[in-house]
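The values are calculated or read from the model by the stated rules, or taken from the named source; none is laboratory data. Computed from a prediction, not measured in an experiment: that's the story for all the values here. Every residue, glycine among them, receives a Cβ derived from its backbone with ideal geometry; neighbour counts consider all protein chains shown.
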Amino acid sequence: MEELRTYVLYDIEDDRIRGRIAEACKDYGLTRIQYSAFCGSLNRNRRGELYIRLSEELGEKAGKILILPVCEKDVKEERKIQNEHEDDDDSDFVPPSGLLSLDFLSASAAFL
């Protein structure tokens with residue numbers, strides 16, 4: 001089954017739930033790319049499993065979660081703009097292999 005680069009973006013107020021969502025993403029092999037965004041390769045079945053788990057973790061609490069698979073053709077079109085500042089703490093940030101861009105994530109996150 002084909003694996004697609006999959007982004008998980010979320011906006012969750014509750015710190016405990018937000019932490020559980022992050023741990024679930026890590027359990028599925030996704031890598032944190034921003035504070036509330038993860039990325040990695042998942043096939044359709046694993047995306048479905050992750051959807052169920054994230055739905056259960058969120059429960060009835062307020063929050064939004066987007067699971068976004070991206071085809072290889074679109075991955076090749078990515079562009080990246082990144083400015084680093086001395087006070088940025090990205091100690092747990094490890095970009096996924098082949099990751100070229102995240103500039104569309106900010107726009108996508110606004111619609112969560």
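Checking the conditions here, which among PHE93, PHE104 is modelled with pLDDT under 95, surrounded by 12 or more Cβ atoms within 10 Å (Cβ to Cβ), in a loop (DSSP other than H, G, I, E, B) and among the aromatic types (Phe, Trp, Tyr)? Full working, then the answer.
Working: PHE104 fails: in a loop (DSSP other than H, G, I, E, B).
Going through PHE93, PHE104 in turn, the sole match is PHE93.
Applying the selection to the stretch 60-71, what residues are charged (D, E, K, R) and loosely packed, with under 12 Cβ neighbours inside 10 Å? Working first, answer last.
Pass one, the stretch 60-71, residues charged (D, E, K, R): 60-61, 64.
Of everything in the stretch 60-71, just one residue is charged (D, E, K, R) and loosely packed, with under 12 Cβ neighbours inside 10 Å, namely GLU60.
Quickly run through the stretch 42-76 and pick out the residues that are of a type in the set (S, T, N, Q) and touching a residue at least 40 places away in the same chain (Cβ under 8 Å). So that I can check it myself, show each step before the final result.
First, pick out the residues of the stretch 42-76 that are of a type in the set (S, T, N, Q): 43, 45, 55.
The answer is ASN43, ASN45.
Would you pick out the residues in the stretch 41-59 that are part of a helix (DSSP H, G or I), surrounded by 14 or more Cβ atoms within 10 Å (Cβ to Cβ) and of a type outside the set (Asp, Glu)?
ARG46, ARG47, LEU50, ARG53, LEU54, LEU58 - these are the residues of the stretch 41-59 that are part of a helix (DSSP H, G or I), surrounded by 14 or more Cβ atoms within 10 Å (Cβ to Cβ) and of a type outside the set (Asp, Glu).
So which residues in the stretch 4-26 are touching a residue at least 12 places away in the same chain (Cβ under 8 Å) and part of a helix (DSSP H, G or I)?
Scanning the stretch 4-26 gives ILE17, ARG18, ARG20, ILE21, ALA22, ALA24, CYS25, LYS26.
Determine whether GLU56 is more than 11 Å from ARG5 (Cβ to Cβ) and modelled with pLDDT of 85 or more. Steps first, answer last, please.
Values: more than 11 Å from ARG5 (Cβ to Cβ): yes; modelled with pLDDT of 85 or more: yes.
Here the answer is yes, as GLU56 does meet what is asked.
Of the residues ARG32, ARG5, which is surrounded by fewer than 21 Cβ atoms within 10 Å (Cβ to Cβ), under 14 Å from VAL70 (Cα atoms) and under 11 Å from the mean Cα position of the chain (by Cα)?
Values: ARG32 fails: under 14 Å from VAL70 (Cα atoms).
Of ARG32, ARG5, the one residue that is surrounded by fewer than 21 Cβ atoms within 10 Å (Cβ to Cβ), under 14 Å from VAL70 (Cα atoms) and under 11 Å from the mean Cα position of the chain (by Cα) is ARG5.
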